[in-house]
Amino acid sequence: MTRVLVIGATGHVGTYLIPRLVEAGHDVVTISRGTAEPYTANHAWASVDQRQMDRAEMERTGDFGAAVRALKADIVIDMICFTLESAEHLVTALSGHVGHFLHTGTIWTHGHSTVVPTLEETPKFPFGDYGTQKAAIETYLLQQARLRGFPVTIIHPGHIVGPGWAPLNPAGNFNLKVFATLARGEELALPNFGMETVHHVHADDVAAMFMDAIANRNASTGESFHAVSEQALTLRGYAEAMSRWFGQEPNLTFKPFDAWAEGEKAEDAKATREHIARSPNCSIAKAQRLLDYTSGYTSLQAVQESVGWLIGRGQIET
């Protein structure tokens with residue numbers, strides 16, 4: 001029985017990954033800061049050894065890496081590493097003490113999309129603190145794999161969706177009123193011509209890719225993979241498809257970004273700018289080829305499951 005440790009296990013992806021690991025026969029240990037429950041209940045959690053640790057505080061004192069190493073896991077999955085210093089701390093502690101290390105990255109490491117669909121090996125020019133930090137972590141981890149044989153695999157999710165949280169909407173932000181507007185057939189304004197792209201992925205598909213990477217350890221070690229649906233969506237196409245899903249005909253207008261932003265909340269306009277400036281559109285061909293990965297959800301299927309969950313709980317007024 002393989003011992004698998006998951007750091008940050010009760011989030012979006014962990015909700016699906018932990019049951020998959022248990023059902024595959026692994027001995028699972030988790031580390032979380034608090035006592036948050038997974039988004040969806042599953043009996044598999046009853047057999048998980050759940051530990052509470054404050055990663056940030058323990059990294060400050062230099063104790064986190066040693067605590068992780070002391071759990072003696074053959075496989076370590078890090079879901080919540082956001083700085084280069086955090087990655088260096090853990091790698092230093094685990095080098096020579098782990099058989100496979102899997103890191104959760106982000107497609108934002110690419111920065112602006114150029115040639116699409118974007119491949120993992122496309123030169124990266126990230127911007128913004130989050131994308132820049134995650135790109136620095138990826139560079140460091142792959143260097144450790146190449147120069148020191150550190151057994152790392154990096155999984156880069158897109159916009160994660162699934163029951164339990166708000167999906168990135170057709171306006172490129174997280175305001176649930178956008179879905180309500182579409183559901184009622186009311187006019188929805190989109191920035192520019194609505195041709196920028198967003199690239200979703202169901203949390204269970206991300207979990208499935210982690211499982212495939214573990215099952216194909218030799219092929220996945222030293223590599224990065226995109227975890228997204230097979231095709232990205234344009235904002236316009238996304239809005240039109242959701243309108244029809246609600247039984248409405250699309251009722252869209254378009255404005256230059258600055259004019260559009262004047263009618264939106266500042267936080268929504270900022271989120272939209274962050275997303276459409278990147279307009280991700282990523283390929284999963286590498287994961288299909290090396291890991292035999294298959295996406296279980298299209299972008300729309302993943303979003304619609306999320307939206308249906310939110311409607312059922314009265315969080316979207318239709």
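From the list Ala219, Ala227, the one residue that fits, being surrounded by fewer than 23 Cβ atoms within 10 Å (Cβ to Cβ), touching a helix residue (DSSP H, G or I) at 6+ places or on another chain (Cβ under 6 Å) and more than 29 Å from Pro256 (Cα to Cα), is Ala219. Applying a threshold of 9 Å to beta carbon distances and a minimum spacing of six or more residues, or different chains, the list of pairs starting in segment 175-199 at a residue that is within 18 Å of Glu267 (Cβ to Cβ) and in contact (Cβ under 8 Å) with a residue 12 or more places away in the chain and ending at one that is part of a loop (DSSP other than H, G, I, E, B) and among the basic types (Lys, Arg) reads Asn175/Lys265.
Considering (1) within 24 Å of Val22 (Cβ to Cβ); (2) free of Cβ contacts under 8 Å to residues at least 40 places away in the same chain; (3) of a type outside the set (A, V, I, L, M, F, W, C), the lone condition that Asp205 does not fulfil carries the number (2). The criterion of at least 3 residues that are closer than 30 Å to Asn281 by Cα is met, among helices (runs of 4 or more DSSP H) falling completely within segment 1-115, by 14-23, 84-94. Does segment 272-289 contain any residue that is assigned to a loop (DSSP other than H, G, I, E, B), acidic (Asp, Glu) and in contact (Cβ under 8 Å) with a residue 24 or more places away in the chain? No, segment 272-289 contains no residue that is assigned to a loop (DSSP other than H, G, I, E, B), acidic (Asp, Glu) and in contact (Cβ under 8 Å) with a residue 24 or more places away in the chain.
Name the single residue, out of those in segment 230-263 being under 25 Å from Gly158 (Cα atoms) and polar (S, T, N, Q), that is farthest from the chain's Cα centre (by Cα). Within segment 230-263, the match that is farthest from the chain's Cα centre (by Cα) is Ser243.
Only one of Lys255, Lys270, Lys265 is over 22 Å from Val206 (Cα atoms), surrounded by fewer than 18 Cβ atoms within 10 Å (Cβ to Cβ), in contact with a strand residue (DSSP E or B) (Cβ under 8 Å, 6 or more places away or on another chain) and basic (Lys, Arg); which?
Details: Lys270 fails: in contact with a strand residue (DSSP E or B) (Cβ under 8 Å, 6 or more places away or on another chain); Lys265 fails: in contact with a strand residue (DSSP E or B) (Cβ under 8 Å, 6 or more places away or on another chain).
Exactly one of Lys255, Lys270, Lys265 is over 22 Å from Val206 (Cα atoms), surrounded by fewer than 18 Cβ atoms within 10 Å (Cβ to Cβ), in contact with a strand residue (DSSP E or B) (Cβ under 8 Å, 6 or more places away or on another chain) and basic (Lys, Arg), namely Lys255.
No other residue among Leu84, Leu142, Leu147, Leu102 is over 30 Å from Gly296 (Cβ atoms), of a type outside the set (Val, Ile, Thr) and either touching a residue at least 40 places away in the same chain (Cβ under 8 Å) or touching a Leu at 6+ places or on another chain (Cβ under 9 Å) (or both) apart from Leu84. Scanning segment 26-45 for residues that are free of Cβ contacts under 8 Å to residues at least 24 places away in the same chain and of a type in the set (A, V, I, L, M) yields one hit, Ala41.
Just so you know, all these numbers are worked out from the coordinates, no wet-lab data involved. Values in this document were obtained by computation on a predicted structure and should not be read as measured data. Glycine gets a Cβ as well: all are built from the backbone with ideal geometry, and neighbour counts include every protein chain shown.
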